[in-house]
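These notes concern the structure reproduced below.
The values are calculated or read from the model by the stated rules, or taken from the named source; none is laboratory data. Quick caveat, the model's predicted, so the values are computed rather than measured. All Cβ positions, even for glycine, are placed from backbone atoms using ideal geometry, and neighbour counts span all protein chains on display. Side chains included, ligands, DNA and RNA excluded: accessible areas come from the protein's heavy atoms. Shrake-Rupley method; radii C 1.70, N 1.55, O 1.52, S 1.80 Å.
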Amino acid sequence: MVTAASGSFELDDVSVTYGNETAVAGVTMSIEPASVTALIGPSGCGKSTLLRCLNRMNDELGNVKVGGRILFDGVDIYDRSVDPVELRVRVGQVFQKPNPFPMSIFDNVAYGPRTHGVRRKAELDALVEESLKRAALWEEVKNSLKKHAFELSGGQQQRLCIARALATSPEVLLMDEPASALDPISTQQIEDTIAELKSSVTIVIVTHNMQQAARISDRTAFMLRESMDFPAQLVEVGDTRVMFTNPADKRTEAYITGRFG
Amino acid sequence: MNHASARVRRARTVEMLARAVTGAAAFGVLGVVAFILGYILYRGAGSIDWEFLTAPPRMFMTQGGIWPAIYGTLLLTFWTAVFAIPVGIMAGIYLAEYAPKGAFTRVIRLAIANMAGVPSIVYGLFGLALFVLTVGFGRSVIAGALTLACLTLPVIITATEEALLQVPQDLRQASLALGATRLRTVLRIVIPAAAPGIVTGSILGLSRAAGETAPILVTAVAFYSPVPRTVFDETMALPYHLYIMATQAVKPAPDVVWGTALVLVAGVSIINVVAAAWRTRQRRRIRW
């Protein structure tokens, strides 16, 4: 059992500004450890933008300002003393499109640990095996670890990317529509993997697919940008079952019943 | 119906014409290249033998071989590579991976584009003023190689930058998200993926430098000299040797001129073909 405080976020009045356009504003919510939090909402509502704040990947885009406060296990991650490189070891990310490195399956998973100084072969072997098992890919690839990652199917590649992110033992895994480029069977496998992982890792997942959010998440946050003249906002956040059966806000109800989006 | 089919027929004729005209242009180019290479081979092949490739010239270049010129060109190209490749690749990395999008970066890019457009004789004069006279290297392999390096730099920088920009942004993101620094991302992910383009671009730049006459004319070469002992000696070089034999009062047997041309063209072509083949092989291995 993971301690309750490890891998939690507190967002307080968070806003994101690109150049002079504010894309997201006023987001206040908490992300609880060892659970799955889904960010849902129509395209362009700032879900991915908000997600990228949590591991400071927005920093890499340049000209992006994050306002408000984001506490990760009580520490302000935008404080000057926080190194984004260290933060990203604890907060991993899986991207929308599978993006394995052009190298072997083994080297893909070992990339993170090697980056952080693990050199011993036995230790790397153990980490790679454990990570692939957690991502439910081990049985399919255990005899072909030296094969090029591009030989895997799309779904396998995405699970490889999950294994790669797990290999640095992050406390949080951010997933940006991880199944949107995959077929239904691969999607099912990714969802099963998420269900397995959530006891040990906090998962924040952006998804377009409301059924998926309902199936896999414990809590759901609904975001909406009602007009291009205003930034996107958090409409409602809460227990997934409650939100999908008895939403507090009319806009949430309209969205989840499919009236727009 | 009739009206429409007439239009369709006309469109088809125009389409065929377009194919014929563009095809003729492409085959025309192929013909010109084939003719040049064929003619050089036809005129030069006869004079190629072991002595021609390994002996120094005799009797005012009318007999003997061209070894000092071959060696000089190899040496010049080698030192050009030493000076141009590290700087060129590093500058390309800066532009593709680090440079902020702004006026300063645009000025750098513009400067590099201009550098590529400067006539090669101007590089020669620049090399003469800077490396030969001011720095005081005199006419030497090192002055010539530094001059050729200036000429080659924009080619290598541009090839490196383009090869790096072709690497999908996804891969950089994945590496950064794993807590890798930008430098590690560039060294371990981006450069290996871009290596075929960088290497091929560098080689093509060097093969162009190997065939240049003007930049070395006033910085490195001599009409006749023994094989240089150090990089501070002057040297013979294939393109200049060719130029001298084709234009000066000394009239060697034409076969010797064509033989020299054949050696130069063959050397440069082999390098280009090997570079292109290697790139194709690497591209097949790395795909996205």
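Here are some notes:
- Qualifying residue in the stretch B:64-74 (condition: among the small types (Gly, Ala, Ser), assigned by TED's automatic domain parsing to the domain that holds residue B:255, free of Cβ contacts under 8 Å to residues at least 12 places away in the same chain and open to solvent by less than 30 Å² (accessible area, probe 1.4 Å)): no
- Scanning the stretch A:216-234 for residues that are among the aliphatic types (A, V, I, L, M), within 16 Å of residue A:51 (Cα to Cα) and in contact with a helix residue (DSSP H, G or I) (Cβ under 7 Å, 6 or more places away or on another chain) turns up A:223, A:224.
- Wholly within the stretch B:51-142, helices (runs of 4 or more DSSP H) carrying at least 2 residues that are among the basic types (Lys, Arg): B:103-117
- Filtered by the rule that a residue be within 14 Å of chain B (Cβ to nearest Cβ) and more than 19 Å from residue A:201 (Cβ to Cβ), the stretch A:51-94 gives A:58, A:59, A:60, A:61, A:62, A:63, A:64, A:82, A:83, A:84, A:85.
- Exactly one residue among B:50, B:79 is under 21 Å from residue B:236 (Cβ atoms) and without any contact (Cβ under 8 Å) to a residue 24 or more places away in the chain, and that residue is B:50.
- Selection count, the stretch B:243-262, where residues are open to solvent by less than 40 Å² (accessible area, probe 1.4 Å) and more than 15 Å from residue B:64 (Cα to Cα): 3
- Sub-7 Å Cβ pairs linking a first residue in the stretch A:226-254 that is touching a residue at least 24 places away in the same chain (Cβ under 8 Å) and part of a loop (DSSP other than H, G, I, E, B) to a second residue that is hydroxyl-bearing (Ser, Thr, Tyr) and open to solvent by less than 40 Å² (accessible area, probe 1.4 Å), at least 6 apart or interchain, are A:231/A:15, ordered by first then second residue.
- Just so you know, in the stretch B:178-197 the residues that are open to solvent by less than 40 Å² (accessible area, probe 1.4 Å) and over 25 Å from residue A:56 (Cα atoms) include one that is nearest to the other protein chains (Cβ to nearest Cβ), and it is B:193.
- Conditions (1) surrounded by fewer than 16 Cβ atoms within 10 Å (Cβ to Cβ); (2) touching a residue at least 12 places away in the same chain (Cβ under 8 Å); (3) under 17 Å from the mean Cα position of the chain (by Cα); number of the one not met by residue B:109: (3)
- Filtering the stretch A:152-178 to residues that are more than 11 Å from chain B (Cβ to nearest Cβ) and charged (D, E, K, R) leaves A:159, A:171, A:177.
- When the stretch A:105-130 is filtered for residues that are more than 12 Å from chain B (Cβ to nearest Cβ) and of a type in the set (Gly, Ala, Ser), the ones remaining, listed by number, are A:122, A:126.
- Summed over the stretch B:263-288, residues that are within 30 Å of residue A:147 (Cβ to Cβ) and either open to solvent by 70 Å² or more (accessible area, probe 1.4 Å) or at pLDDT 85 or above (or both) total 13.
- Summed over the stretch A:21-50, residues that are of a type in the set (S, T, N, Q), touching an Asp or Glu at 6+ places or on another chain (Cβ under 8 Å) and either more than 14 Å from chain B (Cβ to nearest Cβ) or open to solvent by less than 10 Å² (accessible area, probe 1.4 Å) (or both) total 4.
- If you go through the stretch A:56-67 and pick out every residue that is open to solvent by 50 Å² or more (accessible area, probe 1.4 Å) and outside any helix (DSSP H, G or I), you end up with 2.
- For the stretch A:237-255, the tally of residues that are open to solvent by less than 30 Å² (accessible area, probe 1.4 Å) and under 16 Å from residue A:37 (Cβ atoms) stands at 4.
- Candidate set: the stretch B:154-177, residues that are among the aliphatic types (A, V, I, L, M) and open to solvent by 30 Å² or more (accessible area, probe 1.4 Å); chosen: the one nearest to the other protein chains (Cβ to nearest Cβ): B:165
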